[in-house]
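In what follows, a structure is listed as structure tokens, so that the remarks can point back to it.
What follows is calculated from the coordinates using simple rules that are stated; it is not laboratory data. These numbers come from a predicted model, not from an experiment. Heads up, the Cβs are rebuilt from the backbone with ideal geometry, glycines too, and the neighbour counts pull from every protein chain shown.
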Amino acid sequence: MQSKILLSEDQLPKQWYNITPDMPGVMSPVIHPGTLQPVSPDDLLPLFPMGLIEQEVSQERWIDIPEEIREIYKLWRPSPLFRAHQLEKALGTPAKIYYKYEGVSPAGSHKPNTAVPQAYYNKIAGTKRIASETGAGQWGASIALACQHFGLECTVYMVKVSYGQKPYRKSMMQLWGADVFPSPSDKTNAGRSILANDPDNQGSLGIAISEAVEDAATHEDTRYALGSVLNHVCMHQTIIGLEAKEQMKIAGDYPDVVIACHGGGSNFAGLAFPFVSDKANGKDVRLLAVEPASCPTLTKGVYAFDYGDTAKMAPISKMYTLGHDFMPPGIHAGGLRYHGASPLVSQLVHEGIVETKAVAQTACFEAAVLFARTESIIPAPESSHAIRGAIDEALQAKEEGKEKVILFNLSGHGHVDMAAYDAYFNNELVDYEYPEAAIKESLSHLPKVG
Ligand SMILES: Cc1ncc(COP(=O)(O)O)c(C=O)c1O
């Protein structure tokens, strides 16, 4: 009855897995937002250091993790894999539930897995400052701590609704040395123009990305860092799935279904991508991305070229999108309020390799409370979507009398999200209807890419 399956520090993976050479079908090019032509690596240089641009377009299946990054990863990695015995008992399910726990990182989520390499490749390229955005604050805290490790300055534009809901995440970023501004802010043209039309605008990831991209593009010594979506970000996160595969081997099980929540796609990619190649080689494994019903990018969006940000400054990618100016409702899972998705995850969804599901926030909190009362860990609201997905699979296994093996990613803890739990217990959380009219309007503004 082992509960924790641990790897030693010398079992920390030495390479990330790049799924690009194993993708089914042809990948669509990334398009320049100004010229509407495919971008070249040089077009991306004002935003990213060459080390990351090379990873973004790399066709190498395995990419070495530099020793300087492994040293910092070892502060919290390898992360534990748990068998959820207590949750299984409470559900009375014959299913075996495993979860990979990324809340053991100093920032409390999976985000430092990519923040650290992003800061490292910027440092060796001579960058002085990183500008970035954050939704719930998990990414902002992660890039702040990563910048500290490599002596970089850090500016974070934090979505205004989260800045109000999660003041301690702002404090964490400041503790790790970052300057934090609520977005939309008066620091950038993008922010000022949104505030001119709507002074009470509560912000969105799309707007915060516009501000950070503008900041980086207009300062020679500054580069931009994105916490999700991009190919290199998804690749850095594969350390989660690579470790989990080793740990599942030790447990003597292989998952029937791999589940993660989906905001921009990075924690899903991180856990699931190393299993995608098994599936291509004939393994019977399902991959399930769970997203909020109020921001249903994968389940209700269209697969089309769209801007990564609201002000149309970020590159255009082919992805599932609700439209770059869609404003998702202010749900507590702030890190899942993004109009778009990783092009890699999107293509796998489009090809039918990845399944998707949208869930309402109260059903997620119900699942998170059961999880906290059985396994004891308090989940981040974002991660509660994966828990909902896993519990639903386990209940279905119970109905069918099947001993299904479920693996999900507990992408972060919720210690700084207690206001959300308070709101749940005070019956203040609402389930937003599928915002069909707003999505339809927003989808009418997609760029026309030949
Ligand atoms: C704990 C946690 N999980 C999941 C996400 C969603 O991001 P992604 O889809 O890139 O993993 C976030 C985003 O901030 C997060 O903080």
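Which residue, Glu211, Glu355, Glu102, has the most motion in a Gaussian network model of the chain that connects Cα atoms within less than 10 Å?
Maximum among the listed residues: Glu355.
Can you give the convex hull volume of the alpha carbon atoms of region 137-232 per residue, in Å³?
Considering the Cα atoms of region 137-232, their hull volume per residue is 93 Å³.
FRET efficiency for Asp22 and Lys89, Cβ-Cβ distance as r, R0 = 22 Å, nearest 0.05? Please list the in-between numbers first.
On the way: r = 38 Å, r/R0 = 1.73.
Efficiency computed from Cβ-Cβ geometry: 0.05.
Given the chain, what percent of its DSSP beta bridges are antiparallel, to the nearest 5?
35 percent
How large is the translational diffusion coefficient of the chain in µm² per second when you combine the Kirkwood radius over alpha carbon pairs with Stokes-Einstein at 10 °C and 1.306 mPa s?
Details: Rh = 21.5 Å.
Result for D is 74 µm²/s.
Evaluate the Debye formula for region 254-408 with equal point scatterers sitting on the alpha carbons, no solvent, and hand back log10 of I(q)/I(0) at q = 0.09, 0.14, 0.20 Å⁻¹, in q order, two decimals.
Computed log10 I(q)/I(0) values: -0.29, -0.68, -1.25.
In a GNM of the chain with a 10 Å cut-off on Cα contacts, which of Arg286, Arg61, Arg83 has the highest mean-square fluctuation?
Arg61
Using only the Cα atoms of region 89-190, what are the Rg and Dmax in Å?
16.4, 56
I need to check one value: relative contact order of the chain, counting alpha carbon pairs closer than 8 Å and at least 6 residues apart, in percent. Walk me through the intermediate numbers first.
Values: 1020 pairs, mean separation 85.9, N = 450.
Relative contact order for the chain comes out at 19 percent.
Run through all the Cα pairs of region 9-159 and give the fraction in each 5 Å bin from 0, expressed as whole percent.
2, 8, 13, 15, 17, 17, 12, 7, 4, 3, 1, 0
Identify all aspartates and glutamates with a Cα-Cα distance to Lys448 below 19 Å; exclude those on the same chain that are fewer than 8 residues away in sequence.
Asp306, Asp309, Asp325
How big is region 354-450 in terms of Cα radius of gyration and Dmax, in angstroms?
For region 354-450, the Cα-based Rg and Dmax read 16.8, 53 Å.
In the chain, which Cys residues have no partner Cys with a Cβ closer than 4.7 Å?
When partners are defined as cysteine Cβ atoms under 4.7 Å apart, the chain leaves Cys234, Cys261, Cys295, Cys364 without one.
Might you report the magnitude of the Cβ-based charge dipole of the chain about its Cα centre, with Lys and Arg at +1 and Asp and Glu at -1, to the nearest 20 debye?
It works out to roughly 600 debye.
With charges set only on the Cβ (+1 for Lys and Arg, -1 for Asp and Glu), what does the dipole of region 277-415 come to about its Cα centre, in debye to the nearest 20? Each step should come with its number before you reach the end.
Values: 13 positive and 16 negative charges, 16 e Å.
The dipole of region 277-415 has a size of about 80 debye.
Divide by every residue of the chain the summed helix terms, -39500 (n - 2.57) for each DSSP H run of at least 4, and state the resulting mean residue ellipticity at 222 nm, rounded to the nearest 500 deg cm²/dmol. Show your work: numbers first, answer last.
Values: 17 runs with 180 residues, N = 450.
Rounded to the nearest 500, it is -12000 deg cm²/dmol.
What distance in nm separates the two pseudo spin-label positions at Ile250 and Ala217, each 7 Å out from Cα along the beta-carbon direction?
That separation, rounded to one decimal, is 4.6 nm.
I need the semi-axes of the equivalent ellipsoid of region 1-43: take the C-alpha gyration tensor, multiply each eigenvalue by 5, square-root it, list largest first in whole angstrom.
So the three semi-axes of region 1-43 are 40, 14, 11 Å.
Can you pull out the GluC sites (Glu not before Pro) in region 369-443 whose DSSP state is coil and whose Cβ has at most 15 other Cβ atoms within 10 Å?
Numbers: sites: Glu375, Glu382, Glu393, Glu399, Glu400, Glu403, Glu428, Glu433, Glu436, Glu441; in loops: Glu375, Glu382, Glu403, Glu428, Glu433.
Listed in order of number, the matching sites are Glu403, Glu428, Glu433.
Among Ile439, Ser346, Ala358, which residue has its Cα furthest toward the positive end of the charge dipole of the chain, with +1 on Lys/Arg Cβ and -1 on Asp/Glu Cβ?
The listed residue farthest towards the positive side: Ala358.
How many percent of DSSP beta bridges within region 271-413 run antiparallel, rounded to 5? Please list the in-between numbers first.
Details: 7 of 12 bridges.
Here the share of antiparallel DSSP bridges comes out near 60 percent.
Let me check the size of region 270-318 from its C-alpha atoms; what are the radius of gyration and Dmax in Å?
Expressed in Å, the Cα Rg and Dmax of region 270-318 come to 14.9, 43.
Sorted by mean Cβ packing within 10 Å, highest first, what order do the peptides 292-304, 135-147, 404-416, 27-39 take?
Packing order, densest peptide first, comes out as 135-147, 404-416, 292-304, 27-39.
Relative to the Cα centre, what is the charge dipole magnitude of region 363-425, using +1 at the beta carbon of each Lys and Arg, -1 at the beta carbon of each Asp and Glu, and rounding to the nearest 20 debye?
It comes to approximately 100 debye.
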